[in-house]
Amino acid sequence: MRHTFQFKAKGHPNIRSRHKTTLMTTIEPHLTPRGDCIIAVGAEIGLAQLPEEIKQAARNPETRITFTLQAGNQVFETTGIGDPELEYTDKIDMVARKSSYTCGRTLMIQCDKAAIDIPDELVEVLKDPETMIMVQLTYESP
């Protein structure tokens, strides 16, 4: 079974994309330089607003979850897996993690990439507050 969901977000001058184990989108419009895992602000949704069928798919440990970010003509993709402990309750943030840690903000675990893996050329695009970012989440279950 395959589910996809798309949403828009924006760039911000304080995007640093230097975190080694996570990446995050937020509905918050502002970002301080300390938020080095945040790669998009002003997102249309947080995890809690995703459809129920996606939340169910995310709780299957065999589900492969792909986070695809497109800004201009540049694309970045990371893939992780679901977990029965994923809550999808946070209304503000989505966090993709390389670790197996879960909380209400966790989108997926055991990702193959984090914020630091985003190419510098794309990070420069993400720093522009005029940049419209398209995020696609893809859930593939056996």
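Please list, or write none, the lysines whose alpha carbon is within less than 20 Å of the alpha carbon of Lys113, excluding same-chain residues fewer than 8 places away.
Lys20, Lys98, Lys127
Pop out the Kirkwood hydrodynamic radius of the chain from its pairwise C-alpha distances, inverse of mean 1/r, in Å to one decimal.
14.6
Between Glu28 and Val75, with labels modelled 7 Å along Cα→Cβ, what's the label distance in nm to one decimal, could you check?
Distance between label points: 3.1 nm.
State, to one decimal in nm, how far the label point of Asp112 lies from the label point of Gln49, with both points 7 Å from Cα in the Cβ direction.
So the two model labels end up 3.0 nm from each other.
Please give every one of the aspartates and glutamates within straight-line cross-link reach of Lys91, meaning a C-alpha to C-alpha distance under 12 Å, and leave out same-chain neighbours fewer than 8 residues apart.
Hits, sequence-local ones excluded: Glu28, Glu44.
Ranking Ile54, Ile116, Ile38, Ile109 by Cβ neighbours within 10 Å, fewest first, what do you get?
Fewest-to-most ranking of Ile54, Ile116, Ile38, Ile109: Ile116, Ile54, Ile109, Ile38.
For Lys55, go through the aspartates and glutamates and keep the ones whose alpha-carbon is under 13 Å away, minus same-chain ones fewer than eight residues off.
Those aspartates and glutamates meeting the cut-off are Asp83, Glu85, Glu87, Asp90, Glu140.
Would you tally the net charge around Thr21, using a Cβ to Cβ cut-off of less than 9 Å, leaving Thr21 out, and scoring K and R as +1, D and E as -1?
Local net charge: +3.
No lab work stands behind these numbers, since they all come straight from the coordinates. Because the structure is a prediction, the values reported are computed rather than measured. Virtual Cβ from ideal backbone geometry, glycine too; neighbours counted across all protein chains shown.
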